[in-house]
Amino acid sequence: MTTETSTIELRKMQIPDLEKELRELTVSVLKMRLGIKLKKEKDTARYRLNRRQIARVRTILAEKQRESLSVKGKTSTLPHPKK
């Protein structure tokens, strides 16, 4: 998305929607990074905001994935240590 989605709106999204949002933001950041390096992009603040938005989306996505695993009966995604 081109506009920043609030944390509340992100939390209401389903996992596939969050993954789509993450892909869109990642592509946007990659294009902006290239534009900044080539001195074509002037708005470096937007780059920083998009990177932070990616972090928000990843955090909420991880929380939702962890939540969906715990609902299915799994409490941990790590294997038990072998003795």
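The values are calculated or read from the model by the stated rules, or taken from the named source; none is laboratory data. This is a predicted model, so every value here is computed, not measured. Reconstructed Cβ throughout: ideal geometry from the backbone, glycine too, with neighbour counts over all protein chains shown.
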Scan of segment 21-39 for residues that are more than 9 Å from the chain's Cα centre (by Cα) and in a helix (DSSP H, G or I), ordered by number: 24, 27, 28, 29, 30, 31, 32, 33, 34, 35, 36, 37
Count of residues meeting criterion [out of contact with any helix residue (DSSP H, G or I) (no Cβ under 8 Å at 6 or more places or on another chain), modelled with pLDDT under 90 and either assigned to a loop (DSSP other than H, G, I, E, B) or of a type in the set (S, T, N, Q) (or both)] in segment 52-74: 4
Residue within segment 40-51 that is more than 13 Å from the chain's Cα centre (by Cα), among the basic types (Lys, Arg) and part of a loop (DSSP other than H, G, I, E, B) present: yes
Subset of segment 1-25 [of a type outside the set (D, E, K, R) and more than 15 Å from residue 59 (Cβ to Cβ)]: 1, 2, 3, 14, 16
